[in-house]
Amino acid sequence: MDLLVPSLPTPLQEISDTVILRAGIRLFIKRDDLIHPTVSGNKWRKLKYNLQQAKSKGATTLLTFGGAFSNHLYATAAAGKYSGFETIGIVRGENPGEKKSSTLKFCEEHGMKLHYVSREEYKLRNSEDYLSYIKQQFGNPFTIPEGGTSEFALKGVEEMTVEVDQQLGRIPDYYAVAAGTGGTAAGILSAGAHVLAFSALKGGSFLENDILNLGGENDKRGQLKLFTDYHFKGYAKYTQELLDFILMFKKQHGIQLEQVYTGKMLFGLYDLIEKGYFKTGDCIVAVHTGGLQGLLVELKED
Ligand SMILES: *Cc1c(COP(=O)(O)O)cnc(C)c1O
């Protein structure tokens with residue numbers, strides 16, 4: 001039995017409030033957070049063809065990379081278990097011993113073997129020499145880059161845009177999406193749509209090149225606009241203002257966001273709407289990329 005079966009298509013939910021009405025735009029949330037109970041959002045989309053590729057190569061083990069709170073490690077551990085792969089996670093930083101994050105605990109409970117490396121070593125994660133050394137060390141597993149972001153990821157993300165086009169009956173004027181590695185933004189661009197990407201990390205301007213390089217040469221590629229000022233002090237950091245926004249958004253729209261990615265993206269998007277960034281009639285699809293496993297406890301209350 002394949003426990004990785006998704007609920008597709010994920011809903012496209014229109015939301016409305018005074019900010020949206022005043023701007024005269026339409027805003028839809030693509031509810032990829034509902035795609036699967038554990039392999040959520042963009043991680044499911046990005047893993048789909050990575051797993052297919054691993055299978056077709058006859059691989060039995062997946063190896064990938066992430067930090068102690070990585071939604072991607074979490075998703076890969078679950079996806080591997082559900083579809084019959086062994087999994088190995090190369091984790092940035094020292095072994096936390098007793099103080100293991102709930103993400104890493106979940107990974108271990110789902111059979112992932114964790115291997116901790118120094119921050120210095122972790123920086124080598126995309127170098128070819130390092131990858132062949134790692135492959136040798138762990139018995140030639142199928143390796144998936146950090147965040148699941150590979151050429152195979154883009155193909156899975158493109159399918160999300162096909163769903164949206166069908167649900168909307170047109171191509172949206174813009175997608176809004178949070179960016180960590182930029183794979184999701186790159187996939188949407190490759191599909192030919194325009195993307196507003198909101199960096200979840202501080203100093204995220206490097207993401208512009210990363211995102212454009214991921215897509216490679218592609219004549220139909222859409223336009224990218226990257227916003228780097230909505231990181232709220234840095235990756236996985238947050239302020240009370242951000243948490244208040246997330247609570248308000250849930251109260252108004254019944255949609256739970258989290259503080260690492262989707263909360264920052266929607267905060268930034270609302271800021272742009274209020275500042276008059278869009279023109280009347282613009283149609284925006286904000287992608288709920290999931291990640292709710294990492295939700296802060298204080299945001300879980302109703
Ligand atoms: C991983 C993640 C992202 C970042 O996606 P990239 O493709 O790495 O840019 C965005 N949102 C959520 C909820 C995530 O878990």
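Values in this text are rule-based calculations from the coordinates and carry no lab data. Fair warning: this is a prediction, and the values are worked out from it, not measured in the lab. Here the Cβ positions follow ideal geometry from the backbone for every residue, glycine too, while neighbour counts run over all protein chains shown.
For residue 229 and residue 60, what is the calculated FRET efficiency with R₀ set at 45 Å and r taken between the beta-carbons, to the nearest 0.05?
Efficiency, rounded to the nearest 0.05: 0.50.
With an 8 Å Cα cut-off and a minimum separation of 6 or more residues, compute the relative contact order for the chain in percent.
The value is 22 percent.
Between residue 119 and residue 248, what is the label-point separation in nm under the 7 Å Cα-to-beta-carbon projection?
3.4
Between residue 14 and residue 274, what is the FRET efficiency for a Förster distance of 22 Å, r being their Cβ-Cβ separation, to the nearest 0.05?
0.70
Taking the 0 to 90 degree range and rounding to the nearest ten, how far is the long axis of helix 262-274 tilted relative to the main principal axis of the chain, both from C-alpha atoms?
Between helix and principal axis, roughly 20 degrees.
Roughly what angle does helix 240-253 make with the longest principal axis of the chain, taking Cα atoms, 0 to 90 degrees, to the nearest 10?
For helix 240-253, the angle is close to 70 degrees.
Quote the relative contact order of the range 41-148 in percent (integer), defining contacts as alpha-carbon pairs under 8 Å separated by 6+ residues.
In percent, rounded to a whole number, it is 35.
Per the helix-only calculation at 222 nm, which mean residue ellipticity applies to the chain, given -39500 (n - 2.57) for every DSSP H run of n ≥ 4 and division by its residues, nearest 500 deg cm²/dmol?
It lands at -12000 deg cm²/dmol.
Compute the FRET efficiency between residue 167 and residue 295 as 1/(1 + (r/R0)^6), taking r as their Cβ-Cβ distance and R0 = 35 Å, and round to the nearest 0.05.
Between residue 167 and residue 295 the formula returns 0.85.
Ratio of alpha-carbon Rg to the 2.2 N^0.38 Å globular estimate for the range 41-148, to two decimals, please.
Cα Rg divided by the expected 2.2 N^0.38 Å: 0.98.
Taking Cα atoms, how many degrees apart are the long axis of helix 41-56 and the longest axis of the chain, rounded to 10 and kept between 0 and 90?
Orientation of helix 41-56: about 40 degrees from the principal axis.
Roughly how far apart, in whole Å, are the Cα centres of the range 268-282 and the range 134-180?
Computed from Cα coordinates, the inter-centre distance equals 26 Å.
Fully extended, how many nm does the chain gain between residue 21 and residue 126 (0.36 nm per residue separation, minus their Cα-Cα distance)?
Full-extension gain reported as 33.3 nm.
Over what distance in Å are the Cα centres of the range 1-36 and the range 203-231 separated?
Going from one Cα centre to the other spans 23 Å.
Spin-label point model (7 Å from Cα, Cβ direction): what's the residue 237 to residue 206 distance in nm?
1.7
Using a ≥ b ≥ c from the Cα gyration tensor of the chain (square roots of the eigenvalues), is it rounded, prolate or oblate, where a/c under 1.5 gives rounded and otherwise the larger of a/b and b/c decides, a/b for prolate?
Because a/c hits 1.5 or more and a/b exceeds b/c, the chain counts as prolate.
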